[in-house]
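> Quick one: the structure is below, questions incoming.
The values are calculated or read from the model by the stated rules, or taken from the named source; none is laboratory data. In this text the structure is predicted, and so the values were computed from the model without any measurement. Glycine also receives a Cβ, built like all others from the backbone with ideal geometry; neighbour counts cover every protein chain displayed. Ligands, DNA and RNA are stripped out before the accessible areas are found, and what is left, the full protein with its side chains, is counted by its heavy atoms. Shrake-Rupley method; radii C 1.70, N 1.55, O 1.52, S 1.80 Å.
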Amino acid sequence: MAEETTAIETVTCTIDGMEMTVPKGTRIIDAAAMAGIDAPHYCYHPGLSSPAQCRMCLVEVEKVPKLVPACTGQVADGNVIRTQSENALKAREGVLEFYMVNHPLDCPVCDQAGECKLQDYISAEGPAMGRLKEPKRVLGRDDFGGDVLFYADRCVMCTRCVRFMREVAQDERLGVVQRGSRNVIDTFFDEGLDGNLWADNIVDICPVGALVSKDFLHKARAWDLDRTPSVCPNCTQGCNIRLETRDNQVMRIKPRPNEEVNSHWMCDFGRLNYQWINRGGRIEAPLVRDASGRLSPVSWSEALTKLADALRGSRAGAKAVVSPFMANEDIGALRRVMEQVGGGSGVFRVETGEEVTLPGFPSLKLRTDRAANVHGAEAFGFTRTGDADGNGGIADLSSFDGTLFVLGDELADVDATFGASAGLFVYVGHFLAPAARNAHFVLPATTFAEMEGTFTNVQRRVQRFWPALQVPGMARPAWQILGVLLAGIGDEGAPGTAADAFHALGSVRPEFGTLQWADLGAGGALLPQPAAVGAGTQG
Ligand code: SF4
Ligand code: SF4
Ligand code: FES
């Protein structure tokens, strides 16, 4: 039987002189965006309904007598649309003059300066001078609860925040009170936004500095921040994010749109749980236990040559503890090293908590497992152990006398004798906890924020992240350390790039071999089913 195909009905229009064909029903603002034209807007947001109330997006459509709001007007066949016509610009200039009637000139102290839509549009097409002589309205600021502060004077009443709480969070805690020029956004209850896990998204979507984050308040100026695409490490959802950094520290985290994973949103738990990425006191050089039993810093080549020699003499299998905060490339490389030394069992530990769904985009949940790569660890044959706090479960390793690997797990809960009886104890990680001091080799690894790599999320979507911070001292990605080691004990070349390390994963888990690094892009790609799910997966 011939396959049925449904042809998409299209219309052809011209926007600012550019002819383009778009699906029927496309809004003018979206068609303009496809042509690379950013029509000014406040109330429109692609993740929310369009009330067309800010009048900032007015454009001229030939043969239509009145200006059309681009956020609700749909493109019709033959439309000639001008976003920069004299009429459109004059109307928008008037709209901006009204916005500035009460807006304070707060830019020097406003957190939004540098990424504020009022600042941008005023400088692009606003009037040179306002005509108002009267004093501006002063409303002051309000603590909305949670992480959110409200600077009422700066609000342009676009209602994005109200619509987010109503339509996406489906927890209507914000509303517009009063009427006309007196209207203002307010919370209804004493607790305000307290207890809603998604409330900080309103800070992202506020087009001006009316809603700001308490955590970020006056910490950095927008233009001083570097922005790196990444993946939230704090649960198995794997929300797409940007790490915003300055002075080699993460200053804040913002969501990055991905309709398959998190739409435009992320949870407050993930957003505000970044201080651990900035933690100092890292291991900065490879340490090797010398003849006197002391751990001494050595060069990478000395450490890895000595370790390869030690591993060549111990082919009776190994045991391992890995952290689900480590990348697929790191964990897969450890699995390959273990296979080279005769195989062995491995475990991981993860903190768990309550699952919380975003009702308006229900495939987005703060997941029970509070680490990004639980599913990656399971794919490489590591099994869950320990309690709900991510502690315990590895007591049996204390008396293990074979080859013991620890990758990324901080061993914070185990006593100082852990690993002391191991024939060979290799610690690849970030901090020298008392138990890690028993290792024969301590090898400093980078965190996800300092390297390129991938995590596998709850949907089995493999997603890339990029380096946002400089590495401390001589730390290297664990895939690189273990790759050089593999080359030393086997007969293959060491991976030179994260792409090489990713492609090597196909030799341990065939489903990874079906994905190409270049195809992962910024949005990731799904691992084929069936999933090799380990015992006790909780999501
Ligand atoms: S607080 Fe911000 S998002 Fe809410 S209505 Fe005002 S300007 Fe819009
Ligand atoms: S849902 Fe999970 S991945 Fe998304 S922001 Fe929250 S903690 Fe991070
Ligand atoms: S964006 Fe169109 S009216 Fe607000």
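> Can you name the helices (runs of 4 or more DSSP H) wholly within the range 408-522 that have at least 3 residues being touching a residue at least 40 places away in the same chain (Cβ under 8 Å) and open to solvent by less than 50 Å² (accessible area, probe 1.4 Å)? So that I can check it myself, show each step before the final result.
Details: elements: 478-489, 498-504, 510-513, 517-520.
Correct list: 478-489, 498-504.
> Another question, then. With the requirement that a residue be under 28 Å from F361 (Cα atoms), in contact with a strand residue (DSSP E or B) (Cβ under 7 Å, 6 or more places away or on another chain) and either open to solvent by less than 30 Å² (accessible area, probe 1.4 Å) or within 16 Å of ligand 3 (Cβ to nearest atom) (or both), what does the range 1-34 give you?
V22, T26, R27, I28, A31, A32, listed by residue number.
> Could we say that D330 is at pLDDT 95 or above, in contact with a Leu (Cβ under 9 Å, 6 or more places away or on another chain), of a type in the set (D, E, K, R) and under 22 Å from P510 (Cα atoms) here? It would help to see each step written out before you state the result.
On the way: at pLDDT 95 or above: yes; in contact with a Leu (Cβ under 9 Å, 6 or more places away or on another chain): yes; of a type in the set (D, E, K, R): yes; under 22 Å from P510 (Cα atoms): yes.
Answer is yes for this residue.
> Output the qualifying pairs, or none if there are none: Cβ atoms under 7 angstrom, residues six or more apart or on different chains, first residue in the range 219-240 and more than 7 Å from ligand 2 (Cβ to nearest atom), second residue aromatic (F, W, Y) and not in a loop (DSSP other than H, G, I, E, B).
Listed pairs, sorted by first residue: S230/F465; V231/F455; V231/F465; P233/F448.
> Being part of a helix (DSSP H, G or I) and more than 16 Å from ligand 1 (Cβ to nearest atom): is that true of A32 here?
Values: part of a helix (DSSP H, G or I): yes; more than 16 Å from ligand 1 (Cβ to nearest atom): yes.
For A32, the condition - part of a helix (DSSP H, G or I) and more than 16 Å from ligand 1 (Cβ to nearest atom) - is met.
One line per residue, one yes/no per condition, for (1) in contact with a Pro (Cβ under 8 Å, 6 or more places away or on another chain); (2) at pLDDT 95 or above; (3) within 16 Å of ligand 1 (Cβ to nearest atom):
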{"position": "D369", "(1), (2), (3)": "yes, yes, no"}
{"position": "T385", "(1), (2), (3)": "no, yes, no"}
{"position": "S399", "(1), (2), (3)": "no, no, no"}
{"position": "E410", "(1), (2), (3)": "no, yes, no"}
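> When you scan the range 132-144, do you find a residue that is more than 28 Å from V250 (Cα to Cα) and of a type in the set (D, E), even just one?
yes
> I'd like to know if the range 326-340 contains one or more residues that are in a loop (DSSP other than H, G, I, E, B), open to solvent by 10 Å² or more (accessible area, probe 1.4 Å) and of a type outside the set (D, E).
From the range 326-340, those in a loop (DSSP other than H, G, I, E, B) are 326-327; that's our starting set.
Pick out the ones that are also open to solvent by 10 Å² or more (accessible area, probe 1.4 Å) and you get none.
The answer is no; no qualifying residue exists.
> Taking the range 185-205 on its own, how many of its residues are within 11 Å of ligand 1 (Cβ to nearest atom) and modelled with pLDDT under 95?
To start, the set of residues in the range 185-205 that are within 11 Å of ligand 1 (Cβ to nearest atom) comprises 185-186, 201-205.
Still in the list and also modelled with pLDDT under 95: none.
So the count comes out to 0.
> Just checking, which of R370, R384 is basic (K, R), under 14 Å from N234 (Cα atoms) and open to solvent by 10 Å² or more (accessible area, probe 1.4 Å)?
On the way: R384 fails: under 14 Å from N234 (Cα atoms).
Being basic (K, R), under 14 Å from N234 (Cα atoms) and open to solvent by 10 Å² or more (accessible area, probe 1.4 Å) holds for just one of R370, R384, which is R370.
Okay, residues lined up against (1) of a type in the set (K, R); (2) away from ligand 3 (no atom under 16 Å from the Cβ); (3) open to solvent by 10 Å² or more (accessible area, probe 1.4 Å):
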{"position": "S230", "(1), (2), (3)": "no, yes, no"}
{"position": "N234", "(1), (2), (3)": "no, yes, no"}
{"position": "Q237", "(1), (2), (3)": "no, yes, no"}
{"position": "T245", "(1), (2), (3)": "no, yes, no"}
{"position": "M251", "(1), (2), (3)": "no, yes, yes"}
{"position": "K254", "(1), (2), (3)": "yes, yes, yes"}
{"position": "N258", "(1), (2), (3)": "no, yes, yes"}
{"position": "G270", "(1), (2), (3)": "no, yes, no"}
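> Could you look through the range 207-216, keep only residues that are assigned to a loop (DSSP other than H, G, I, E, B) and more than 19 Å from the chain's Cα centre (by Cα), and pick out the one that is farthest from ligand 1 (Cβ to nearest atom)? It would help to see each step written out before you state the result.
Kept after step one, since they are assigned to a loop (DSSP other than H, G, I, E, B), are these residues of the range 207-216: 207-210, 214-216.
Still in the list and also more than 19 Å from the chain's Cα centre (by Cα): 207-210, 214.
Numbers: P207: 6, V208: 5, G209: 8, A210: 4, K214: 15 Å.
Result: K214.
Every residue, every condition in (1) within 17 Å of K117 (Cα to Cα); (2) touching a Cys at 6+ places or on another chain (Cβ under 6 Å); (3) within 16 Å of ligand 1 (Cβ to nearest atom), yes or no:
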{"position": "M20", "(1), (2), (3)": "no, no, no"}
{"position": "D38", "(1), (2), (3)": "yes, no, no"}
{"position": "Y42", "(1), (2), (3)": "yes, yes, yes"}
{"position": "V61", "(1), (2), (3)": "no, no, no"}
